[in-house]
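These notes are about the structure you will find just below.
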Amino acid sequence: MPGRSTSSSGSTGFISFSGVESALSSLKNFQSCISSGMDTAYSVALGLVETQTEVSSEYSMDKAMVEFAMMDRELNHYLKAVQSTINHVKERPEKIPDLKLLVEKKFLALQNKNSDADFQNNEKFAQFKQQLKELKKQYGLQADREADGTEGVDEDMIVTQSQTNFICPITQLEMKKPVKNKVCGHTYEEEAIVRMIESKHKRKKKACCPKIGCSHTDVSLSDLIQDEVLRRAIESHKKKRRQSD
């Protein structure tokens, strides 16, 4: 076996995993390609809803997201299987098994645990489903109101309520790049919330959600995700406002 040396007594000498670890690094880079593909499908799907393109086109983007999520899951399982095998050998260098068979065994064990629920753990996929649902709700406002028994509510009041959500609780200005807090659901201008969190952390303090009345007292950068639906809603509102001026 390459990289393995054995003395005449049969004891194992040394095995190098530098080549394997280099290959793993390349595979991890491929994950960024999957991530970029998901971003593209996500953006196209939202655009299709905005332009109210036929449902089949939107469905194809949904299928593309599922395919990307499946590739991401499979790649993660393979990376875990290889890393687990490396750790196994490093812990027991005196007895090296057939590495290929061990990787396959560990990989299949992970694959056998696959379920549709796994996709909810894929942040990009879960975000795609949630924001697509929110955007559809915006464009199907009339149907939603009738279903809720609210047909007769002043439309101007609804617009005013929506506009309130465009305002950042930190800057008190209309947002340009809104990000949503995954924990409490509130949105902020990205630059403002990042600056606030970093400032608090430099002083060894926790950053509380700036939305009045929110109980989330430890906001971190990892809690923030891009709110593409809100960004598009703000852009749409700006366009209508310019047209009416």
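Just list whichever of K137/K182; K129/K200; K136/K240; K137/K238; K136/K211 have alpha carbons separated by over 23 Å in the model shown. From the list (K137/K182; K129/K200; K136/K240; K137/K238; K136/K211), the Cα-Cα distance tops 23 Å for K129/K200; K136/K211.
Taking packing as the residue-averaged number of other Cβ atoms within 10 angstrom, the listed peptides 65-76, 86-97 run from highest to lowest as 65-76, 86-97. Partner lysines whose Cα lies under 18 Å from the Cα of K239, excluding those fewer than 8 positions away in the same chain, are identified as K176, K177.
Only the coordinates and a few stated rules stand behind these numbers; no lab work does. Only a predicted model underlies this, so the values are computations on that prediction, with no experimental measurement involved. Please note: Cβ atoms are built from the backbone with ideal geometry, for glycine as well, and neighbour counts cover all protein chains shown.
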